[in-house]
Each structure stands twice: as structure tokens, then as C-alpha cells.
1. Based on DSSP loop calls and a cut-off of at most 15 other Cβ atoms within 10 Å, the longest stretch of the chain free of exposed GluC sites (Glu not before Pro) is what?
2. Can you run the Rg to Rh ratio on the range 2-268? Use alpha carbon positions and the Kirkwood inverse-distance Rh.
3. Taking the chain as a Gaussian network, Cα atoms linked when under 10 Å apart, which of GLY106, GLY208, GLY230 shows the biggest mean-square fluctuation?
4. With an 8 Å cut-off on Cα pairs and a minimum separation of 6 or more residues, tell me the relative contact order of the range 2-268 in percent.
5. Cross-link partners among lysines for LYS168, C-alpha distance below 29 Å, same-chain residues fewer than 8 apart left out?
6. Rg over Rh of the range 1-91, using C-alpha atoms and the Kirkwood radius, what does it come to?
7. GNM, the chain, Cα, under 10 Å: largest mean-square fluctuation among THR115, THR55, THR162?
8. Taking a label point 7 Å from the Cα of LYS164 along the Cα→Cβ vector, which residues of the range 101-122 have an amide N closer than 19 Å to it?
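Only the coordinates and a few stated rules stand behind these numbers; no lab work does. Note that this is a predicted model, so its numbers are computed, not measured. Cβ: placed from backbone, ideal geometry, glycine included. Neighbour counts: every protein chain shown.
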Amino acid sequence: MSVELSMLVAHVPRICHEDQVADFQKPMVSAMHKVSEELFETKPDVVIMISCHFTATFHHYVNCSSVHKGELTAVECPDLIADVPYNFQGDPSLAEQLVQAGKGAGLPILAFNDTSYVWDYGTLVPMRYLVPKENVPVIDLSVCWAASLDETFEWGRNVGKTLKESSKRAVFVSSGALSHNLVRGPEKMPTSSEQALDKQFTDYLLSGRLDAAREMLPQYAKIAGVESGGRHLAMLLGVMEGSGNYKAKFHGYVQSSGSGNAIITFEPLAG
Ligand SMILES: [Fe+2]
């Protein structure tokens, strides 16, 4: 069918449990619920998610498991995320198609299939909001530190093309922040310079100027310390490249410990 919807979402640990979210981050939670509604309006067969916290060194990993089941205690913040259970289906056949597409393009893509593998919180936290009943299959993807932004974009392009040619109705999710020079103090905003850069990048996304966003990304990622070096954004841009015109919807921009977290959906337009 196609990529029915793409999105950029937040995964900050402090929203893992909705009943514990501080007032200043409640707009983030509201945005995540809105985005979930949009996701279900597309009647998706599968969600493909790249997470800044699934950090691979040399390869781009694709989780080809038929079931994603476990309990997560986050290494980075076991006080905030402890023993959080999840149980989603996977989509091994589509996952394998993604792997073959990437390999066919000469990219270092690796499939894995291990029922003892436990998700990272960058995958789990958004999934708790996006698919709260755990009733849509998921394929989770890593970021790869050895990969340049260009290589990551190329991987995204191949993922987007494969999804477009698939018979499945797919939603692509990029899980990560914009500016990400973290400081102590959950309520702290990014600096005014970082906010200005985030705004420019976001404006490019919202106005459909993907080429300008891509051109800006390398320098922006360095200056603003964009999460995962901007790889999750390069991937998103790659996936969207082939989808033609789309309608972008801005759902919010909320801080967390000096990071800027934009929540945006991109709905491809017909034609
Ligand atoms: Fe993060």
C-alpha cells in the first residue's frame, strides 16, 4: 500500500507512566494521545519504529522477531522505568523484506530474531502511548553510530520504498528529540539558540522543504547536540523522500532536561 503516516515522537523516560507525569510535560502526553488517534485512523497493519536508544555500533539492526515480549528496566534510569511489561506482535516477513532491501542497496543491515531481546525505552515509551492496547505489530530498528547521516538517509529511503511497495498499511515512527544538550533539571528548556535551530528545522518539515531540512541537519545536529547525532531525523527524511506531497501537523514542542521534543505527523497526500 504505502506509508500511511510518518511521525516524529518523544520518548522521555518521565512520561513512561502517565499517572506520574509532571504538569509541564502534560502537553507532551496530550500530543502523544492525539498522534495515537491519527495512527489508528490509518488502520495500520504494522508500525516501523527507529529509536535513538537502540544504539548499534557498526550495523543497522532490524528486529525480525514474531513476538516482542518482555519487561524493561531501563539501564539509564531504573528509578523511572522499572519492570515495565510489554507484549507486541512482530512482522517477520516485512522485517525480512526491509533487510533484503537494505542489503541490496549495499548497506550494512543485520536481521536478528531473539525472543530474549528486551526493547530499549526509546521504543517502549512511545509504543505505550501510540498503541496502548498492544494490538498493532511492530518492527523496531536501531540507529547506527558508525553510519553517517547520508548513509542513514539512504537506509530510510530504502525502507520507505519497500513499505510503499508492500501490501501492508505501514506507519513509520521516528523516536527522538531535536536539540539534546542535556542538563540537570527536567523542566529546563533548550537554550534560546537551540530553540531557534529547532524552530527552523521544524519549519522546514512543516512547510514540506525536506531538502532544506536535510541540508541543515549535519551542522544543526552538531551545534544543538541533536539526539543520536540526528540519525533518527535522517531516517525520517529518507522514508518520506519517496512519498511525494504530504500534510504535516504540529502537535507540540516540549522540553525535558534541556532537550527539545517536537511531536509532528506527516500524512502523505494522494497523487
Ligand atoms: Fe532519548
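1. Formally, the longest exposed-site-free interval is 77-186.
2. My calculation puts Rg/Rh at 0.93.
3. So, out of GLY106, GLY208, GLY230, the one fluctuating most is GLY106.
4. The value is 31 percent.
5. LYS34, LYS43, LYS69, LYS103, LYS133, LYS247, LYS249
6. The Rg/Rh ratio comes out at 0.97.
7. THR115
8. Residues passing the 19 Å test: 101-107.
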